[in-house]
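**Student:** Would you mind keeping the following structure in view while I ask a few things?
What follows is calculated from the coordinates using simple rules that are stated; it is not laboratory data. If you're wondering where the values come from, they're calculated on a predicted model, not measured in any experiment. In this analysis, Cβ positions are derived from the backbone assuming ideal geometry, glycine residues included, and neighbour counts consider all displayed protein chains.
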Amino acid sequence: MNRLKLLLCLLLLSMISCEQKSSETDVSKRSAATNESPLESARPPEAADDPTVETPAWAELHIHGAMKRVNLDKDLNPIVNVADALPAINHGVGAVGGLLGEITVLDENIHVARSGSDEVGFDHYKNAEDLGALDATLLFGAKVDAWQELELNEGTDRDALVKTLEAWRRDNAPGQPVPFRVKDPAATVNWHVVDATRFPEGGATTCEERKELSHQFAHSGIEVTLVGIYTTEHTGVIVDHTTPVHAHVVLAAGPGGHLDTFTLSEDARLMVPAIP
């Protein structure tokens, strides 16, 4: 009888121990899921399946802010000082703090379009120290050490460019975000400079609404450089749900802002990161 009681006690203790281990495991999993950010967990499938796959240096994006924070939370507050962010990037796009203009980083050149009044002011800096206290609500960029050039078909628009970028990514850097540039001596472009002072009370709710309320510009047959990031992993952060591309345009004459639509000439050239 005593042996039976001993066996029952041992069985009960074993069951309690198993339940405690299971509970600890569940808590650990929940804690990990809570602490891991969406961007950290959005690794490309290829990299997740193969730990030997390394992210190219040019694909390690520096992300300050998120489009969903602007669209959903209506939070336009600045999040980073631009001069502080520049040492890590030489290619980038963003919006001035408070959504009062556009920022484009093109190597050592920083192009700033400032809004908030009836007319837009355009500034071109070659020294980060000259930016002073300029801050940004959004700023996305990368460091690209070398570029390679690809030809584009005449009449290339956003959809055609997306297909070209996706094909190049599939063959060279599966699943990675791709910084890119386009140089065209005779492009047709439509672009805008965001201006939160034009928003209704409560703020604009979508990228399309912000565009319609912003300062808009259109040019045909003009020399431009497009500066952008192609990504399918950062929807709601770098790009919105309508396109995997976030791009700006810089006119050869100096001004520039957020790129909306475009049609490229036969002499347009696409620049993507050089692959060793």
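**Student:** So if R0 is 35 Å, what FRET efficiency would ARG170 and ASP118 give, r being the distance between their Cβ atoms, rounded to the nearest 0.05? Display every interim value, and only then the final one.
**Tutor:** Details: r = 46 Å, r/R0 = 1.32.
Rounded to the nearest 0.05, the efficiency is 0.15.
**Student:** Using the count of nearby Cβ atoms within 10 Å as a rough guide to exposure, how do LYS74, LYS183 rank from fewest to most? Let's see the in-between values first.
**Tutor:** Values: LYS74 12, LYS183 17.
Exposure proxy ranking, most exposed first: LYS74, LYS183.
**Student:** While we're looking at this one, here's another question. For an R0 of 45 angstrom, estimate the FRET efficiency from the Cβ-Cβ distance between ALA252 and GLU54 and round to the nearest 0.05.
**Tutor:** Numbers: r = 37 Å, r/R0 = 0.82.
Step by step, r from the Cβ atoms, then E = 0.75.
**Student:** Among TRP58, TRP168, TRP191, rank each residue by its count of other Cβ atoms within 10 Å, from fewest to most, as a rough exposure measure.
**Tutor:** Numbers: TRP58 23, TRP168 19, TRP191 28.
The order, fewest Cβ neighbours first, is TRP168, TRP58, TRP191.
**Student:** Where in region 100-131 is the amide nitrogen less than 11 Å from a point lying 7 Å along the Cα-to-Cβ axis of GLU149?
**Tutor:** Once the point is set 7 Å along Cα→Cβ of GLU149, nothing inside region 100-131 turns out to lie under 11 Å by backbone N.
**Student:** Consider a paramagnetic label point 7 Å from the Cα of THR243 along Cα→Cβ; state which residues of region 88-107 have an amide N under 15 Å from it.
**Tutor:** Once the point is set 7 Å along Cα→Cβ of THR243, 93-94 turn out to lie under 15 Å by backbone N, inside region 88-107.
**Student:** Determine the shape class of region 60-273: with a ≥ b ≥ c the square roots of the Cα gyration tensor eigenvalues, call it rounded for a/c under 1.5, and otherwise prolate if a/b is greater than b/c, oblate otherwise. If you can, show how the numbers build up before the last one.
**Tutor:** Numbers: a/c = 1.38, a/b = 1.32, b/c = 1.04.
In terms of gyration-tensor shape, rounded.
**Student:** Let me ask something additional. Looking at region 192-239, I'd like the Rg to Rh ratio, where Rg is from alpha-carbon atoms and Rh is Kirkwood's inverse mean 1/r.
**Tutor:** Working: Rg = 13.8 Å, Rh = 13.1 Å.
Value, to two decimals: 1.05.
**Student:** Now for a different question. What nm distance separates the two modelled labels at SER220 and ASP130, each placed 7 Å from Cα along Cα→Cβ?
**Tutor:** In this crude spin-label approximation the distance works out to 3.5 nm.
**Student:** How big is the charge dipole of region 112-219 about its Cα centre, in debye rounded to the nearest 20, if each Lys and Arg gets +1 on its Cβ and each Asp and Glu gets -1 on its Cβ? Intermediate results must be reported in sequence, preceding the final value.
**Tutor:** Values: 12 positive and 20 negative charges, 61 e Å.
Dipole about the Cα centre, nearest 20: 300 debye.
**Student:** Give the residue list of GluC sites (Glu not before Pro) in region 173-222 that are DSSP loop and have at most 10 other beta-carbon atoms within 10 angstrom.
**Tutor:** Working: sites: GLU201, GLU208, GLU209, GLU212; in loops: GLU201.
The qualifying sites are GLU201.
**Student:** Here's another thing I want to ask about it. Working out 0.36 nm times the residue gap between LYS68 and GLU209, then minus their Cα-Cα distance, what length gain in nm do you get to one decimal? Each step should come with its number before you reach the end.
**Tutor:** On the way: separation 141, 0.36 × 141 = 50.76 nm, distance 1.41 nm.
49.4 nm is the gain from fully extending LYS68 to GLU209.
**Student:** Next question, about the same structure. What order do you get for VAL162, VAL182 when you list them from fewest to most C-beta neighbours inside 10 Å?
**Tutor:** On the way: VAL162 15, VAL182 23.
Arranged by neighbour count, lowest to highest, VAL162, VAL182 become VAL162, VAL182.
**Student:** Continuing with the same structure: Students often get this wrong, so check it: of LYS126/LYS163; LYS68/LYS183; LYS143/LYS163; LYS68/LYS126; LYS74/LYS163; LYS163/LYS183, which have C-alpha atoms separated by over 25 Å? Mind dumping the intermediate values first?
**Tutor:** Numbers: LYS126/LYS163 33 Å; LYS68/LYS183 30 Å; LYS143/LYS163 23 Å; LYS68/LYS126 31 Å; LYS74/LYS163 32 Å; LYS163/LYS183 18 Å.
The pairs that break the limit, which is 25 Å between Cα atoms, are LYS126/LYS163; LYS68/LYS183; LYS68/LYS126; LYS74/LYS163.
**Student:** Give me the distance in nm between label points sitting 7 Å out from Cα along the Cα-to-Cβ direction at ASP75 and GLU266, one decimal.
**Tutor:** The modelled label-to-label distance comes out at 5.1 nm.
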